[in-house]
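Visitor: Right, I'll just put the structure down here and ask away after.
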Amino acid sequence: MRTSRILALALAITAAGCSHGSARNAAMTASAPSAAPVYPGAGALSERAYSTSDSFDTVYAFYNKSLPTGSERSHVMAPQEKAVFLVGSGNDQLSVTVTKSPICCRTLIVFAVVKA
């Protein structure tokens, strides 16, 4: 249930973040690279969503190695493979969601600020 809420929040924040020029967008964009790296070679879909042709397993291994031990909160295989990592502490945390895209041969990476 918690994973569903985090994913819903991540998608809502991403959708809301499509407008340009707000201070919140700038702050959230600045948070992603400092708290978690953007996967090398991933193309930006928005300021907080990325896509790559690398496999889910390759991207997952990158984040599993790059993020602090214990930051993985969820990993599901079906109906769509997805892993959720949570980094940071206190009221400002960053979720990193890696999802095997339903579109052939793509992996999606979504960064979202999670407020307690």
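Visitor: For the modelled label position 7 Å from the Cα of CYS105 along Cα-to-Cβ, which residues of the stretch 51-84 have backbone nitrogen atoms closer than 14 Å?
Guide: Zone members listed by number: 52-56.
Visitor: Straight-line reach from LYS82: which lysines fall under 18 Å, measuring Cα to Cα and dropping same-chain residues less than 8 apart?
Guide: LYS65, LYS100
Visitor: Count charges around THR52 for me, please; just the other residues with Cβ under 13 Å from its Cβ, Lys/Arg as +1, Asp/Glu as -1. Can you show the working numbers first?
Guide: Values: positive: LYS100, ARG106; negative: ASP54, ASP57.
Neighbourhood net charge equals 0.
Visitor: Amide H to amide H under 5 Å from ARG73: which residues, 5+ apart in sequence or cross-chain, H placed 1.01 Å off N in plane?
Guide: VAL84, PHE85, LEU86
Visitor: Moving on. Which ³J(HN,Hα) values, rounded to whole Hz and listed in residue order, are derived for the stretch 93-106 from phi using the Karplus coefficients 6.51, -1.76 and 1.60 in 6.51 cos²θ - 1.76 cosθ + 1.60 with θ = phi - 60°, glycine and proline given as x?
Guide: So the Karplus estimates, Gly and Pro as x, are 10, 10, 9, 10, 10, 10, 10, 6, 5, x, 7, 3, 6, 10 Hz.
Visitor: Can you tell me the FRET efficiency between ALA61 and ASP92 if r is taken as the Cβ-Cβ distance and R0 is 41 Å, rounded to the nearest 0.05?
Guide: 0.95
Each value in this text was obtained by applying a stated rule to the coordinates, not by laboratory testing. Note that the coordinates shown come from a computational prediction; the quantities given were computed from them, not determined experimentally. Neighbour counts are summed over all protein chains in view; Cβ atoms, including those assigned to glycine, are modelled from backbone coordinates with ideal geometry.
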